[in-house]
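The values are calculated or read from the model by the stated rules, or taken from the named source; none is laboratory data. Computed from a predicted model, the values in this text were never measured in an experiment. We place every Cβ from the backbone using ideal geometry, glycine too, and count neighbours over all the protein chains shown. Ligands, DNA and RNA are excluded from the accessible area calculation, which covers all protein heavy atoms including side chains. Shrake-Rupley method; radii C 1.70, N 1.55, O 1.52, S 1.80 Å.
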Amino acid sequence: MKNRKPWTALSGALALAVAACAPPNAQLVTTPQAPAPSARSAAPTEASLTETPFGPISPAGRKLLTIVQQTSLREITTSTWALQRSANPAVREAARTIITQHKDLETRDTDISTRMGLAVPTQPAPDMQIGIDRMRGESGEEFDRDYVNTLRKAHAEALILVSTVRADTRNTLVRPFADLAGDYIKTHINLLEQTGDVDYAQLPVPGP
């Protein structure tokens, strides 16, 4: 016990020396703490999968089937208006292709969902209905801009979801459907951009 006092004194002296050598504006550096994991950002687990005869389907896979059906209802309706109202040949060309390909997706989506016993939406989502109602009363260039930019933003969001599902799905029906949907979406994006009406400033800033 008698030997502890010299060492205690020496430790105190060293601490004072280090403090004296530090720059006057030096601040105490602490190790940043990792944020606590959020329940909302938790990755899906095996328990979230729904078993089907064609392999398990994830929540993202079910979301894809739902959104494709809902967007088909919106985009067939608004693209029909585009054919009737737009004076821009590029807008009408995009609308024709979107109608044809969304009818194909709608048919395939209904077949896949039915075979797996999943519900098939019969109405657009509420936020989509808002856009439909807004465009219902528009015409001319105002309609063109709203139609093109609404669909361009929606297709960007859909492409992200399709890519995620295609990368990870274990379901043999969803996999080729995601492939086809991705091809159609990229075609629609290119056609919408060729109209000259896309306002790229409305698109979200890409994440890292």
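Just to be sure, is ARG175 among the basic types (Lys, Arg), surrounded by fewer than 21 Cβ atoms within 10 Å (Cβ to Cβ) and assigned to a helix (DSSP H, G or I)?
Details: among the basic types (Lys, Arg): yes; surrounded by fewer than 21 Cβ atoms within 10 Å (Cβ to Cβ): yes; assigned to a helix (DSSP H, G or I): yes.
Yes: the conditions hold for ARG175.
What number of residues in segment 178-208 are under 18 Å from the mean Cα position of the chain (by Cα), closer than 16 Å to GLU157 by Cβ, aliphatic (A, V, I, L, M) and in a helix (DSSP H, G or I)?
4
Just wondering, is there one or more residues in segment 140-162 that are hydroxyl-bearing (Ser, Thr, Tyr) and not in a helix (DSSP H, G or I)?
no
Among the numbered criteria (1) without any contact (Cβ under 8 Å) to a residue 40 or more places away in the chain; (2) within 24 Å of ASN190 (Cβ to Cβ); (3) not hydrophobic (A, V, I, L, M, F, W, C), which single criterion is violated by ASP111?
It fails just one condition, (2).
Could you tell me how many of the residues in segment 53-86 are small (Gly, Ala, Ser) and over 13 Å from TYR147 (Cα atoms)?
Residues in segment 53-86 being small (Gly, Ala, Ser) and over 13 Å from TYR147 (Cα atoms): 5 in total.
Looking at this structure, is ILE160 open to solvent by 20 Å² or more (accessible area, probe 1.4 Å), closer than 17 Å to THR77 by Cβ and aliphatic (A, V, I, L, M)?
no
For every residue, the table says whether it meets (1) modelled with pLDDT under 95; (2) more than 13 Å from THR71 (Cα to Cα); (3) surrounded by 16 or more Cβ atoms within 10 Å (Cβ to Cβ).
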position: ARG108; (1), (2), (3): no, yes, yes
position: ASP111; (1), (2), (3): no, yes, no
position: VAL148; (1), (2), (3): no, yes, yes
position: ALA181; (1), (2), (3): no, no, yes
position: LEU191; (1), (2), (3): no, yes, yes
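So which residues in segment 122-136 are more than 19 Å from the chain's Cα centre (by Cα) and either surrounded by 19 or more Cβ atoms within 10 Å (Cβ to Cβ) or of a type in the set (Lys, Arg) (or both), if there are any at all?
Of everything in segment 122-136, those that are more than 19 Å from the chain's Cα centre (by Cα) and either surrounded by 19 or more Cβ atoms within 10 Å (Cβ to Cβ) or of a type in the set (Lys, Arg) (or both) turn out to be ARG134, MET135, ARG136.
Any residue in segment 86-97 that's within 13 Å of GLY196 (Cα to Cα): show its pairings with residues that are of a type in the set (Val, Ile, Thr) and in a helix (DSSP H, G or I) at Cβ separation under 8 Å, as long as the two are six or more apart or on different chains.
As it stands, the answer is VAL91/VAL148; ALA94/VAL148, since those pairs meet every condition given.
Can you find a residue that is modelled with pLDDT of 95 or more, more than 22 Å from the chain's Cα centre (by Cα), within 17 Å of GLY196 (Cα to Cα) and surrounded by 13 or more Cβ atoms within 10 Å (Cβ to Cβ) anywhere in segment 52-60?
no
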